[in-house]
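Only one structure is covered here, and it is reproduced in the block below.
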């Protein structure tokens, strides 16, 4: 698959995004944000600030939830993914997602990896096998599971399952990888492995990460955005938000005064 | 003072112990009361009907005004009726369950449908029988036939199949659906490749339990399918047929001088048929539970 990269720096441009759930839950208010290609963008802030909602807008996963109002645009390589004519199935193959809890599908390790490709119509055995090895290698899991590809995915440890979820997304060769607190349930060693994989992957992918702590945000960010109660408070390159925040609210949160 | 409080504590301890014993006793007795009748029925029927059991009993026609011979046409009739019920009820019931669990929005309309299904389960079986008589036998001119009986039994079985299948589908974790969709799956791909296989054991259990009830019912087939006596096996879906439950009713109440062991033997076969289905359902369920990965 040939992946087209955005001409220039930005892969995703969010423009005035407002979103309200029908039960009045967490929403977004006029969020504008640009996500650079081939970098790790971190969206952080206290719970209920709209981070997950924003993330789930990037692959239209909010379609599964009752949304009453949605305004604004999300440009992915120049086309608006919120446009009703967008092919959401194709979009989700371009924009993959790893969730907070590792949810492996009730099948073997191999089947978890080939699932998305098979849905897309890939039947060629050799291509599927190649995708299994490539994606597992990229997620730093190949050496651990190469002999257990036909074992149930649930037989893996929690950390391995989460890396399998990452590999499952990589197998589809997406352009963007969304990660919603991917290490929140993992031990420090597994967390380190996932973080290292992400650092390796950013050369080829656009990565958007909702970290599970401010420390992780600071460790991983090439760009950081602080969100509070559905609003984007402050955006900065690299570690700027963590060392020289401009907004008082960012400063308070980063220094641990709330949240 | 101290002695007194120690004594009080001892008395309380003893009382607690007795309340425990009485409590367990009452609950145990209640459990025994539910098991005893089932055991009594099974033991009674098999002990009195055992002597009627033989290959010829299962493979020959009744003779001597049903006072001798076997139950072949009734057994075959019940098999056909059960099969016909399955063919009619499973696709419709499963389809409805998939729609309700996976596609239907939660609004007044679908809530009404659910209430209707629940109420359908509460309708007395004789009413289904009369409904089948009116619709299938008379209006659609199927006559008294396996077809009319199967369709009537199918309508009666539908609520059981729909409810259990919907429950089995809903028991599959929502996160599987989200993951499947996030990997580029359509709703139908998600249902077919993830949800349905995971729910299948539960669905099968419900189907078997529904069919089991259909196999043992008398009232719905009374006016729609069942014949008092037929000297031949049915050859088409439009033939009337003998059936085990109705045959049992007939030889128990309508035939003077009926030998007891044939009555009990027939009851035993019907019981075995139904308990056998139950056993299969239980086996499927426990096998699936052991294999389940969530």
Check on residue B:65, within 24 Å of the chain's Cα centre (by Cα) and either surrounded by 10 or more Cβ atoms within 10 Å (Cβ to Cβ) or outside any helix (DSSP H, G or I) (or both): no
Lone qualifier among B:221, B:203 - being farther than 30 Å from residue A:104 by Cα and part of a helix (DSSP H, G or I): B:221
Among (1) modelled with pLDDT of 95 or more; (2) within 14 Å of chain B (Cβ to nearest Cβ) - the single one residue A:185 does not satisfy: (1)
Flag if residue B:9 is modelled with pLDDT under 90 and part of a helix (DSSP H, G or I): yes
Of residues in the range A:119-135 being more than 9 Å from chain B (Cβ to nearest Cβ) and assigned to a loop (DSSP other than H, G, I, E, B), the one surrounded by the most Cβ atoms within 10 Å (Cβ to Cβ): A:122
Selected residue (criterion: farthest from residue B:176 (Cα to Cα)) from residues of the range A:57-87 that are surrounded by fewer than 22 Cβ atoms within 10 Å (Cβ to Cβ) and at the interface with chain B (Cβ under 9 Å from one of its Cβ atoms): A:63
Condition check for residue A:250: in contact with a helix residue (DSSP H, G or I) (Cβ under 7 Å, 6 or more places away or on another chain), surrounded by 14 or more Cβ atoms within 10 Å (Cβ to Cβ) and part of a helix (DSSP H, G or I): yes
Close pairs from the range B:160-177: first more than 14 Å from chain A (Cβ to nearest Cβ), partner at pLDDT below 95 and outside any helix (DSSP H, G or I), Cβ under 8 Å, at least 6 apart: B:160/B:121; B:163/B:121
Helices (runs of 4 or more DSSP H) within the range A:144-235 that include 2 or more residues in contact with a strand residue (DSSP E or B) (Cβ under 6 Å, 6 or more places away or on another chain): A:158-170, A:214-220
Residues that are under 13 Å from the mean Cα position of the chain (by Cα) and either under 20 Å from residue A:156 (Cα atoms) or buried (at least 24 other Cβ atoms within 10 Å of the Cβ) (or both), drawn from the range A:178-194: A:178, A:179, A:181, A:182, A:183, A:194
Per-region count, the range A:42-56, residues more than 10 Å from chain B (Cβ to nearest Cβ) and assigned to a helix (DSSP H, G or I): 5
Verdict on residue B:131 being within 12 Å of another protein chain (Cβ to nearest Cβ), assigned to a helix (DSSP H, G or I) and surrounded by fewer than 21 Cβ atoms within 10 Å (Cβ to Cβ): no
Exclusive hit being more than 27 Å from residue A:107 (Cα to Cα) and touching a helix residue (DSSP H, G or I) at 6+ places or on another chain (Cβ under 7 Å), set B:149, B:134: B:149
Hits in the range A:88-118 - residues which are more than 8 Å from chain B (Cβ to nearest Cβ), under 16 Å from the mean Cα position of the chain (by Cα) and under 17 Å from residue A:173 (Cα atoms): A:91, A:94, A:95, A:98
Residue list for the range B:38-62, filter: over 21 Å from residue B:230 (Cβ atoms) and surrounded by 15 or more Cβ atoms within 10 Å (Cβ to Cβ): B:45, B:46, B:48, B:49, B:53
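The values are calculated or read from the model by the stated rules, or taken from the named source; none is laboratory data. Since this is a predicted model, take the numbers as computed values, not measurements. Methodologically, a virtual Cβ is constructed for each residue, glycine included, from the backbone with ideal geometry; neighbour enumeration extends over all protein chains shown.
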